[in-house]
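Colleague: Here it is: the structure, laid out below.
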Amino acid sequence: RLRLPGHGPLPAVGHHPVPLSALLRRGPLPEHGHHEGTLKLTFKIVPAGTKLTKARAKKKAIALSWKKQAKETCGYQIQYATKKNFSGAKTVTVKGNKTTSRTIKSLKSKKTYYIRIRTYQTVNGKNDCSAWSAKKSVKTK
């Protein structure tokens, strides 16, 4: 957990504004004066990520497995596309952090698909997501 002096621990995932006070000098010499001020910074804390462990080709489908990330997550988002840069990608949401596998069906046969995954946590009705995992490629049967 992130802990700031005088503020205690911040909640794990979400957006957290923290006021900071500072004494600033205009120049290197005392006669240049100094200024006091308060700066309010907002920290975005995202959930820990996960990674794909297996991506197996099936007939017009792909069977996926990933590493379980049970802490500070509500579920997973899986993104798949036929292009390496994920343009035109589709996203599948897996609710619940206990699931570690999913089969994506209704794909084209003998086509290469690129897949990646990330975790998400819902905070105040918004999804805070981890970074995407490394991509894997699979050619369907």
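The values are calculated or read from the model by the stated rules, or taken from the named source; none is laboratory data. Since the structure is predicted, the reported quantities are computational estimates derived from the model, not experimental observations. Quick reminder, even Gly has a Cβ in these numbers, built from the backbone with ideal geometry, and neighbours come from all protein chains shown. Just the protein is used for accessible areas: all its heavy atoms, side chains included, with ligands, DNA and RNA removed. Shrake-Rupley method; radii C 1.70, N 1.55, O 1.52, S 1.80 Å.
Colleague: Would you mind telling me which numbered condition in (1) farther than 21 Å from residue 14 by Cα; (2) surrounded by fewer than 17 Cβ atoms within 10 Å (Cβ to Cβ); (3) among the hydroxyl-bearing types (Ser, Thr, Tyr) residue 122 fails?
Modeller: (1)
Colleague: Does any residue in the stretch 75-100 that is closer than 17 Å to residue 53 by Cα come within less than 9 Å, Cβ to Cβ, of a residue that is of a type in the set (Asp, Glu) and crowded, with 17+ Cβ neighbours inside 10 Å six or more places away or on a different chain, and which pairs are these?
Modeller: 97/72
Colleague: Here's something else I'd like to know. Going by what's in this entry, would residue 98 be described as under 26 Å from residue 71 (Cβ atoms), part of a loop (DSSP other than H, G, I, E, B) and open to solvent by 50 Å² or more (accessible area, probe 1.4 Å)?
Modeller: Criteria met by residue 98.
Colleague: What are the pairs with Cβ atoms under 7 angstrom where one residue, in the stretch 116-141, is under 18 Å from residue 45 (Cα atoms) and outside any strand (DSSP E or B) and the other, located anywhere, is at pLDDT below 95 and among the aliphatic types (A, V, I, L, M)? Sequence gap at least six, or different chains.
Modeller: Every condition considered, the pairs that remain are 130/46; 130/48.
Colleague: Give me the strands (runs of 3 or more DSSP E) completely within the stretch 2-86, filtered to those with at least 1 residues that are open to solvent by 90 Å² or more (accessible area, probe 1.4 Å) and at pLDDT 95 or above, ordered by residue number.
Modeller: Correct list: 52-58.
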